[in-house]
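For reference, the structure discussed in these notes is given below.
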Amino acid sequence: MRAIVNTPGGPAPVELRDVPEPTPAPNEALVEVHGFSLNRGELRSFANNEAGWIPGQDISGVVLRAAANGLGPPNGTRVVALTDEFGWAEQVAVPVHRIVPLPDNVSFAQAATLPVAGLTALRCVRLGGALVGRRVLITGAAGGVGTIAIQIAASSGAHVTAVVGRQERAAALSGLGAHDVVVGIENATGRYSLIMESGGGNSLSEAVRRVEPNGTVVVYGNSSGETSTISFQEFRAAQNARIQSFFYFTSGPEEMFAPDLALLVSMIAEGSLRPVIGIERDWSEIATVAESLRSRQVTGKAVFRTGAS
Ligand SMILES: NC(=O)c1ccc[n+]([C@@H]2O[C@H](COP(=O)([O-])OP(=O)(O)OC[C@H]3O[C@@H](n4cnc5c(N)ncnc54)[C@H](OP(=O)(O)O)[C@@H]3O)[C@@H](O)[C@H]2O)c1
């Protein structure tokens, strides 16, 4: 079969190659991959993994062969799944507890936006507790996580302020439910009950200056790669606020990935969540699109079609 493999040191960070087909374990279904998405974190994993490794966490497709243990969806079921790796391939073996069936009105492209970004958005918003009438600030709002988090927070009753890096990004957020869009966190006024922070560096320092007493700054990324300066003094006006780190893969028990993914799928199906697909391409264009994502040119998610779709 064909797969996208890691080629560190080559002319592109990854390329399409022929590789052996996977051999599923008894608790794994074999899925024919139709769509997948690219996460910013995966850009880093290109550099951190050996040549020949197959990346890929967010996949959608069709069950080719149900799991031998008799559990999970039967052959022919349209599905979305969260894998740890190996997903950017014509076929991938996925544990059945990481697989969610898709209704007919959710496309492979829409579903592929959900696993990492959707679970991160959903679970970070939950860390803010009951959000009805609360103020929520989201940095990196035009990105994969941000565009989903805006919608979930707004539909939870929050007043959402979205932070983007440049003015033209603001238009892309129209209709997602943000009450304000500001260019740069420095322009966000007042204090917030929940701040979702992924810029790092000065963005995190500024976030701490904007949290309200007993509020929460969820730190789930460091897109800038920069360190931050914060001081205890800054909490005098935000007493007992907390800084909470978030890592999606340890953010809940393993068996809760599928129920939360199913919730996100149902939100798309019923129309309360609209995935923002900024770019959709054939998987042969992965290296070019990866560079666009790295340089902040992609709004929402970058999604790919394999030969099967
Ligand atoms: N902890 C976890 O489990 C977890 C899970 C998912 C993602 N993450 C991390 O969370 C962050 C957001 O993920 P994502 O998938 O939404 O990424 P994304 O789609 O690339 O969006 C990130 C957004 O952040 C903004 N940004 C601000 N400063 C930036 C900088 N210095 N470099 C690059 N972008 C910058 C960009 O928008 P503007 O250009 O408009 O500013 C960009 O659109 C990433 O750092 C990712 O690695 C962590």
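The values are calculated or read from the model by the stated rules, or taken from the named source; none is laboratory data. Just so it is clear, the model here is predicted, and its values are computed rather than measured. Neighbour counts run over all protein chains shown; Cβ positions are idealised from the backbone, glycine included. Quick note on the areas: whole protein, heavy atoms, side chains included, nothing else; ligands and nucleic acids left out. Shrake-Rupley method; radii C 1.70, N 1.55, O 1.52, S 1.80 Å.
Structure summary
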{"read-out": "Flag if SER284 is in a helix (DSSP H, G or I), in contact (Cβ under 8 Å) with a residue 12 or more places away in the chain and surrounded by fewer than 16 Cβ atoms within 10 Å (Cβ to Cβ)", "value": "yes"}
{"read-out": "Within the range 161-205, tally of residues that are buried (at least 23 other Cβ atoms within 10 Å of the Cβ) and more than 15 Å from ALA141 (Cα to Cα)", "value": "1"}
{"read-out": "Scan of the range 137-163 for residues that are more than 17 Å from LEU204 (Cβ to Cβ) and either modelled with pLDDT under 95 or near the ligand (Cβ under 7 Å from one of its atoms) (or both), ordered by number", "value": "ALA142, GLY144"}
{"read-out": "The range 243-257 residues that are buried (at least 17 other Cβ atoms within 10 Å of the Cβ), paired with ones that are of a type in the set (D, E, K, R) (beta carbon under 8 Å, 6 or more apart)", "value": "PHE246/ARG123; TYR248/ARG123; SER251/ARG123; PHE257/ARG98"}
{"read-out": "All strands (runs of 3 or more DSSP E) inside the range 1-93 with 1 or more residues being of a type in the set (Ser, Thr, Tyr) and either at pLDDT 95 or above or farther than 21 Å from ALA302 by Cα (or both)", "value": "28-38, 58-65"}
{"read-out": "LEU273 of a type in the set (A, V, I, L, M), more than 16 Å from the ligand (Cβ to nearest atom), out of contact with any strand residue (DSSP E or B) (no Cβ under 6 Å at 6 or more places or on another chain) and at pLDDT 95 or above", "value": "no"}
{"read-out": "Answer from SER224, SER231, SER203, SER198 - the residue that is more than 22 Å from the chain's Cα centre (by Cα) and modelled with pLDDT of 95 or more", "value": "SER231"}
{"read-out": "Number of positions in the range 294-309 that are in contact (Cβ under 8 Å) with a residue 40 or more places away in the chain, open to solvent by 20 Å² or more (accessible area, probe 1.4 Å) and not in a strand (DSSP E or B)", "value": "6"}
{"read-out": "Residue count, the range 223-241 (criterion: away from the ligand (no atom under 16 Å from the Cβ) and farther than 14 Å from ALA207 by Cβ)", "value": "5"}
{"read-out": "Any chance ALA81 is small (Gly, Ala, Ser) and surrounded by fewer than 21 Cβ atoms within 10 Å (Cβ to Cβ)", "value": "no"}
{"read-out": "Residue match in the range 250-269 (condition: among the polar types (S, T, N, Q), within 25 Å of ARG305 (Cα to Cα), in contact with a helix residue (DSSP H, G or I) (Cβ under 9 Å, 6 or more places away or on another chain) and more than 12 Å from the ligand (Cβ to nearest atom))", "value": "no"}
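Yes or no, residue by residue, for (1) farther than 30 Å from PRO103 by Cβ; (2) free of Cβ contacts under 8 Å to residues at least 60 places away in the same chain:
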site	(1), (2)
GLY199	yes, no
SER228	yes, yes
PHE235	yes, yes
ASN240	yes, yes
ALA262	no, no
VAL265	no, no
